[in-house]
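Every read-out reported here was derived from the displayed coordinates using simple, explicitly stated rules and does not represent laboratory data. This one's a predicted model, so the numbers in the text were calculated from it and none came from an experiment. Backbone-built Cβ (ideal geometry, glycine too); neighbour counts: all protein chains shown.
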Amino acid sequence: MNWNLKDIYKTKEEFEQAKKEIKDNLKAIEKYKGKLGESAENLYNCYRLYESTLEIYEKFYSYGMLTYHLDMANSNNIKLYKTVENIGTEFEKATAFITPEITRIENEKLLSFMNNETKLERYRRELEEILKDKEHILSEKEEELLANYSEVFSSMEDTFDILTNTEFKFGKLKNADGEEVELTDSNYTYCLKDKNEEVRKQAFNLMYKKYSEFLNTLGELYITKVKSATITSKLRKYNSSLERAVDNDDATINVYNALIEAVHKNINVNHEFMKIKKDLLEKDEMHLYDIYVNPIEVEDDNISYEEASKQVLDALSVIGEEYVSKLKEAFENNWIDVYEKENKRSGAYSMGVYGIHPFVLINFVNKKRDVSTIAHELGHAMHSYYSNTNQNVIDANYTIMVAEIASTTNEILLAMYQINNEKDENKKKELLYELMEMFRATFFRQAMFAEFEKIVHFKIETGEMLTAEDLNKIYYDLNKEYFGGDVVIDEQIKYEWARIPHFYTPFYVYKYATGISAAIVIAKNILEKKPGYVEKYIEMLKQGCTKKSVELLKMVDVDLEDVATYENAIKWMEGLFLGRRKKVT
């Protein structure tokens with residue numbers, strides 16, 4: 001049930017040897033400084049060395065980060081992680097000259113190199129991207145300067161992680177049996193799903209009491225992070241940090257704006273779902289700490305890891321034998337670190353380690369929602385597996401724009417499998433409700449986060465001075481707009497922005513909403529057995545970043561710049577609860 005990190009390095013000596021190889025290679029790479037424009041051979045040799053070093057570094061960094069996340073309070077683990085971070089800074093500094101130097105090669109000369117040296121075909125996509133992005137690449141000195149500051153730029157997120165994961169103690173609450181239970185970030189969501197209102201209220205109040213105590217510190221951390229993003233964007237000649245983010249995603253501002261536009265046009269659908277929640281709960285007042293309860297849950301929320309694994313395998317069998325065989329390998333060969341442990345990183349993620357296999361972190365607490373988490377993270381893992389085994393290390397890293405699509409497709413396939421195979425009508429209603437709630441949380445909630453980010457970044461970019469209280473007001477007002485009149489917008493929710501770690505990766509969260517919209521198209525086509533569609537889907541997963549994200553998704557019939565894509569996703573949800581509302585209620 002634990003990671004086998006010996007799949008990366010069997011001994012400490014192997015780790016140290018990798019560090020030495022990286023350092024030696026970086027010295028060799030620096031010898032090409034000032035010589036890339038002299039010949040196609042120099043350009044190829046430099047890139048080949050960069051590629052081989054990147055392969056070593058990915059394993060090296062992954063080993064340090066994965067070890068650290070197993071026990072974030074262990075001083076040796078912290079030192080190990082700082083070691084790999086420092087090597088990462090050295091890597092960035094030593095290779096910072098490559099892109100700026102290529103931009104100084106005349107376009108005709110660079111194209112001649114690419115067309116006449118067949119070995120450079122391996123790096124054509126990368127070189128073409130540099131040609132396209134010339135206006136956003138700085139001088140060699142400026143790029144080196146930014147590389148030197150890379151560790152500083154990431155310090156806000158590191159500080160947030162350490163503060164909230166290892167130093168925050170939220171206190172104890174009394175469960176429905178009167179027993180005292182320590183509230184943690186991992187069990188908070190499950191407390192909010194408790195049928196006992198007092199348990200939910202205690203958890204809600206304890207969580208945001210702690211965040212309110214550190215509000216000014218957290219506000220300064222986040223505002224500084226936004227400022228660093230906006231300053232870097234201006235330095236790179238982007239009109240905004242949003243423009244830079246979507247450009248890095250291979251997306252467009254049209255994608256972002258189409259999502260927000262569709263949500264605003266159809267926000268009544270979310271309000272209607274809230275009204276259904278309130279009716280089902282039979283409450284005169286429904287608070288924000290009530291909305292996570294499944295009011296038609298018919299059985300204890302308890303499932304073994306073995307049962308969860310079988311459900312995931314059965315549900316995803318529609319994607320084919322090869323896909324399922326690789327999932328079995330993940331379960332049987334320690335790709336997954338399963339259970340919650342003291343000082344283990346909270347939440348869940350998947351990390352594809354090039355040349356090894358993906359590693360998945362979850363915090364399994366025997367809840368039904370954990371089954372979806374497993375399916376979700378294995379979607380990431382399989383995407384990494386296919387891209388890593390079909391592309392070189394440079395081209396394998398698919399963009400964040402498509403990163404949430406395979407994972408969310410898996411969640412939808414799992415949910416539809418559970419609904420369609422459930423014989424008990426009451427349990428079927430429960431599962432249907434959970435699917436609707438998953439859509440709400442992944443689409444409407446993430447769109448609200450995305451709108452919050454857009455507002456905050458715009459205000460800072462236009463010179464407005466913000467405080468933590470300003471962030472509270474922006475966030476509170478958005479909650480009122482998104483939830484509607486059937487929900488009491490509790491005062492404490494204004495602090496929620498302060499506990500969202502994804503805000504430290506600017507404009508990440510909108511891709512959950514675009515991802516589920518794309519996933520609905522993909523899952524429907526797979527379940528309807530559209531001829532040749534599974535093959536098209538797997539082929540898309542293999543592409544890595546060799547195609548633009550928006551174009552890549554057109555391979556599977558998804559257009560993210562079209563408002564209709566999001567409206568169709570909303571109609572899908574609306575159809576779920578309006579079409580079956582009488583049955584559910």
- prompt: So, in Å, what gap is there between the alpha-carbon centers of the range 314-332 and the range 460-515?
  reply: 38 Å
field: Ranking of 377, 340 by count of other Cβ atoms within 10 Å, fewest first
entry: 340, 377
- request: Return 264, 457, 502, 383 ranked ascending by Cβ neighbour count within 10 Å, so the fewest neighbours appear first.
  value: 264, 502, 457, 383
query: Distance from the Cα centre of the range 242-288 to that of the range 19-35, in angstrom?
result: 48 Å
field: Relative contact order (%) - criterion: Cα under 8 Å, at least six apart; region: the chain
entry: 18 percent
- request: Please arrange 212, 350 by counting, for each residue, the other beta carbons lying within 10 Å of its beta carbon, fewest first.
  value: 212, 350
- prompt: Helix 12-30: angle to the longest alpha-carbon principal axis of the chain, degrees 0 to 90, nearest 10?
  reply: 50 degrees
Two-site FRET efficiency, residue 237 against residue 106, from Cβ-Cβ distance with R₀ of 22 Å, rounded to 0.05: 0.60
Charge tally in the Cβ shell below 13 Å around residue 287, where Lys, Arg are +1 and Asp, Glu are -1, residue 287 excluded: -3
- prompt: How big is the antiparallel share of DSSP beta bridges in the chain, given as a percent to the nearest 5?
  reply: 65 percent
- prompt: Quick one: helix 215-235 against the long Cα principal axis of the chain, what's the angle to the nearest 10°, folded into 0 to 90?
  reply: 40 degrees
field: Sum of -39500 (n - 2.57) over DSSP H runs of 4+, divided by residues of the chain (222 nm, nearest 500)
entry: -20000 deg cm²/dmol
query: Under the definition of Cα pairs under 8 Å and six or more residues apart, what whole-number percent is the relative contact order of the range 39-146?
result: 30 percent
query: Taking +1 at the Cβ of each Lys and Arg and -1 at the Cβ of each Asp and Glu, which of 15, 130, 114 sits farthest along the dipole of the range 1-147 towards its positive end, judged by Cα position relative to the Cα centre?
result: 15
- prompt: Which of the GluC sites (Glu not before Pro) found in the range 440-469 are loop residues per DSSP with 14 or fewer other Cβ atoms within 10 Å of their Cβ?
  reply: 464
task: Would you mind getting me the FRET efficiency between residue 167 and residue 500? Use the beta-carbon distance for r and R0 = 22 Å, nearest 0.05.
output: 0.80
query: Which loop-located GluC sites (Glu not before Pro) does the range 59-146 contain, where loop means any DSSP state but H, G, I, E or B and the Cβ has at most 12 other Cβ atoms within 10 Å?
result: 106
field: Nearest-ten-degree value, helix 40-70 long axis tilted from longest Cα axis of the chain
entry: 30 degrees
- line: Two pseudo-spin positions, 7 Å from Cα along C-beta at residue 189 and at residue 458, lie apart in nanometres by 3.0 nm
- request: Kindly provide the GluC sites (Glu not before Pro) of the range 253-320 that DSSP labels as loop, not H, G, I, E or B, and whose Cβ sees at most 12 other Cβ atoms within 10 Å.
  value: 282, 285, 299
